[in-house]
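> Just dropping this structure here.
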Amino acid sequence: MNLRAWLIACGIIFAIGAAALAYFGGPTGREVRIALGKGQPLSAFADSLKAHRIIESPALFLLFLRASGREGRISAGYYVLRERDHEWRAARRVLSGPSASLEVKITLPEGITIAQMAGLLSDSLGIDSAEFCSLARDRKFIDSLAKIYPYLKGLSSLEGFLFPDTYFFYKGERPRAILARMAERHFSFWTPERLAAAEELRMTVGDVVTLASLVECETKLDEERPVVASVFLNRLRRGMPLASNSALGYVLGKNPAWLSEKDLETKSPYNTYRNPGLPPTPICNPGLKSIDAVLRPARTDYLFFVATGEGNHLFSATYEEHQRNIAKVKRKWNR
């Protein structure tokens, strides 16, 4: 046996002896729930155990983990340990696996805004919602993402480009990492076929996402999305204002259904009653169905639609027909 192996063997024997003494040396204390973060060094975890009065010697604790030959298979998660425990038993409990995962399943629905995302993530993960919103509008951060996803270049906000989906995030995960993952998910759906469809419409990715955000907010019926998209595209081709209540509601912070006549006179680039063309940014983060509705719209001659109050819309090709549809809806609800 060489000197190094002999010293290691002696160290292990000493550690086992020390642990045995600790085992019989007194009662343990209350249970403590400790998190081992994803990517956190075991040395930092051991220091945390000492800080919480679970073990006395981080070095001895780490020695037991190494002696097991399984230290590389220790998972991130929550571990339930006891105060004043001995290093051998604490190591054994850690090696048996976490009592709960640090991963949290979060579903971010279609049509959600950055501010709403921040609230959900704050409630579920404990992130700083203000930091999340600030970073999502930080040009330097967006430019760093644009090096990977070129269509983000020049944007002042990630609104529209954070894909709504079900994610598994870790407690304590930083807003920067969360935003990057959501932007990557959005990018992954831009296949060559979708990019070609956007080019055929003579629209940029940003244009498609902005229009899709209007479609997302105007209807929740999948069968209506391509029809609503066709209305907006038809109006754009004719140089007509899009007249979207949702865009104005976004900038005013109001429910689109509650806009007043005075609201419609608001001076804002998001007022698509006064300004032709698309609003300056998306107004929400649209789902894939709304994006595809813009890329593959229904073939119609519709230029108008009105909500029936029952979740669907009535569509029309002429202003006169549109007025008749409005009157029809009013009669129905004034009975």
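> Considering each residue of region 103-126, count those that are of a type in the set (Gly, Ala, Ser), part of a helix (DSSP H, G or I) and under 21 Å from ARG137 (Cα atoms), and give that number.
Residues meeting the conditions: 4.
> Among the residues of region 73-95, count how many are more than 32 Å from the chain's Cα centre (by Cα) and assigned to a loop (DSSP other than H, G, I, E, B).
Final tally of qualifying residues: 4.
> Answer yes or no: is there a residue in region 258-265 that is aromatic (Phe, Trp, Tyr) and crowded, with 16+ Cβ neighbours inside 10 Å.
no
> Can you report the number of residues in region 147-165 which are surrounded by fewer than 20 Cβ atoms within 10 Å (Cβ to Cβ) and either modelled with pLDDT of 95 or more or touching a His at 6+ places or on another chain (Cβ under 7 Å) (or both)?
2
So that you can scan it fast, the table gives a plain yes or no per residue for (1) of a type in the set (A, V, I, L, M); (2) closer than 22 Å to GLY160 by Cβ; (3) surrounded by 15 or more Cβ atoms within 10 Å (Cβ to Cβ):
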{"site": "PRO279", "(1), (2), (3)": "no, yes, yes"}
{"site": "PRO286", "(1), (2), (3)": "no, yes, yes"}
{"site": "VAL294", "(1), (2), (3)": "yes, yes, yes"}
{"site": "ASP301", "(1), (2), (3)": "no, no, no"}
{"site": "ASN312", "(1), (2), (3)": "no, no, no"}
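> Okay, moving on. Identify, from the list ALA5, ALA35, the residue that is surrounded by 15 or more Cβ atoms within 10 Å (Cβ to Cβ) and either in contact with a strand residue (DSSP E or B) (Cβ under 9 Å, 6 or more places away or on another chain) or modelled with pLDDT under 55 (or both).
None of the other options fit; the residue is ALA35.
> Step by step: first the residues of region 266-276, then only those that are more than 31 Å from the chain's Cα centre (by Cα) and free of Cβ contacts under 8 Å to residues at least 24 places away in the same chain, then the one that is surrounded by the most Cβ atoms within 10 Å (Cβ to Cβ). Which residue is that?
Step by step, filter region 266-276, then rank; the result is THR266.
> With the checklist (1) at pLDDT 95 or above; (2) β-branched (Val, Ile, Thr); (3) under 14 Å from the mean Cα position of the chain (by Cα) in hand, flag the one item VAL104 doesn't pass.
(1)
> Another question, then. For residues that are closer than 13 Å to LEU288 by Cα and out of contact with any helix residue (DSSP H, G or I) (no Cβ under 9 Å at 6 or more places or on another chain), scanning just region 177-197, find the one that is surrounded by the most Cβ atoms within 10 Å (Cβ to Cβ).
Ranking the candidates gives ARG185 first.
> State which residue pairs qualify: first residue aliphatic (A, V, I, L, M) and inside region 312-335, second residue in a helix (DSSP H, G or I) in any location, beta carbons under 6 Å apart, and separation of 6 or more residues or different chains.
Pairs found: LEU314/ASN325.
> Checking the structure you have, find out if any residue of region 245-253 is exposed (fewer than 15 other Cβ atoms within 10 Å of the Cβ), closer than 23 Å to GLY287 by Cβ and in the same structural domain as ALA212 (by TED's automatic domain parsing).
yes
The values are calculated or read from the model by the stated rules, or taken from the named source; none is laboratory data. What you see is a predicted model; the values in this text were computed from it and never measured. Every residue, glycine among them, receives a Cβ derived from its backbone with ideal geometry; neighbour counts consider all protein chains shown.
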